[in-house]
């Protein structure tokens with residue numbers, strides 16, 4: 001039932017014999033109920049996952065041992081590839097946020113180039129994720145929440161190439177990305193709007209300050 005979904009994934013772009021590629025990479029599918037652990041911190045796995053349906057949360061324990069959700073995995077996204085490629089134990093856990101179906105692939109098979117086109121796609125996606133994480137680290141390194149928000153909005157504007165642009169996620173997703181409380185973020189956005197620094201309606205934003213603004 002997931003053949004059409006798999007064929008449309010960026011990971012399989014240009015792969016002519018998808019069934020053969022799946023066999024070469026030891027692919028297997030698995031269903032997970034909401035709340036079930038998919039990956040456990042400390043586990044060393046030689047496989048990476050592709051979320052075909054549902055959603056999953058990447059969770060890390062803070063200094064007090066309390067679980068903190070650091071990222072959300074959406075449909076079609078890879079996860080666990082960095083640890084699998086590096087042959088290192090996971091430092092995070094992954095839980096199904098809702099009923100989900102995961103496609104498991106052999107990391108060794110991808111690195112060995114058993115499916116050249118798929119291996120190239122995996123490398124490209126991995127590189128893009130690293131760029132995304134580097135951008136996030138830059139935004140989080142700003143000193144105040146206002147600086148973090150404006151830094152992030154400028155980056156989205158540059159990528160969109162338009163003065164009016166839409167964010168890729170809602171308020172909670174934006175708060176998670178910037179590592180802040182949603183209510184604090186909403187209050188700040190309203191303050192910046194009143195000050196004439198930004199304008200927005202729901203998920204569509206416009207920066208009124210120039211690129212060298214505060």
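Nothing in this text is a laboratory measurement; each read-out follows from the coordinates by a stated rule. On a predicted model such as this, the values are computed, not experimentally measured, just so you know. Don't worry about glycine lacking a Cβ; one is built from the backbone with ideal geometry, like all the others, and counts go over all protein chains shown.
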Between the helical axis of 116-140 and the dominant principal axis of the chain, each derived from Cα atoms, what acute angle in degrees is found, rounded to the nearest 10?
30 degrees
The chain: translational diffusion in µm²/s, Stokes-Einstein, Kirkwood Rh over Cα pairs, 37 °C, 0.692 mPa s:
172 µm²/s
For the ranges 131-142, 15-26, what's the packing order if you count other beta-carbon atoms within 10 Å of each residue, average per peptide, and put the highest first?
15-26, 131-142
From the Cα trace of segment 94-158, what convex hull volume per residue do you get, rounded to a whole Å³?
152 Å³
When only Cα pairs under 8 Å and 6 or more residues apart are kept, what is the percent relative contact order across the chain?
20 percent
Between helix 182-194 and the chain, what is the angle of the helix's C-alpha long axis to the longest principal axis, kept within 0 to 90° and rounded to the nearest 10?
40 degrees
Percent relative contact order of segment 53-106, based on C-alpha pairs within less than 8 angstrom and at least six residues apart?
49 percent
Students often check this: by mean Cβ neighbours within 10 Å, which of 45-53, 110-118, 27-35 ranks highest, and how do the rest follow?
45-53, 110-118, 27-35
Segment 30-105 - convex hull of alpha carbons, volume per residue in Å³
77 Å³
Could you state the principal axis extents of the C-alpha atoms in segment 144-207, from the largest down, to the nearest angstrom?
28, 24, 21
Ordered by packing density, taken as the mean number of other Cβ atoms within 10 Å over each peptide's residues, highest first, how do 100-106, 164-170 rank?
100-106, 164-170
Gap separating the Cα centres of segment 191-207 and segment 34-93, nearest whole Å
34 Å
Convex hull projection area averaged over all views, segment 120-173, Cα basis, nm²
4.5 nm²
Please report, in whole Å³, the volume per residue of the convex hull around the C-alpha atoms of segment 1-64.
121 Å³
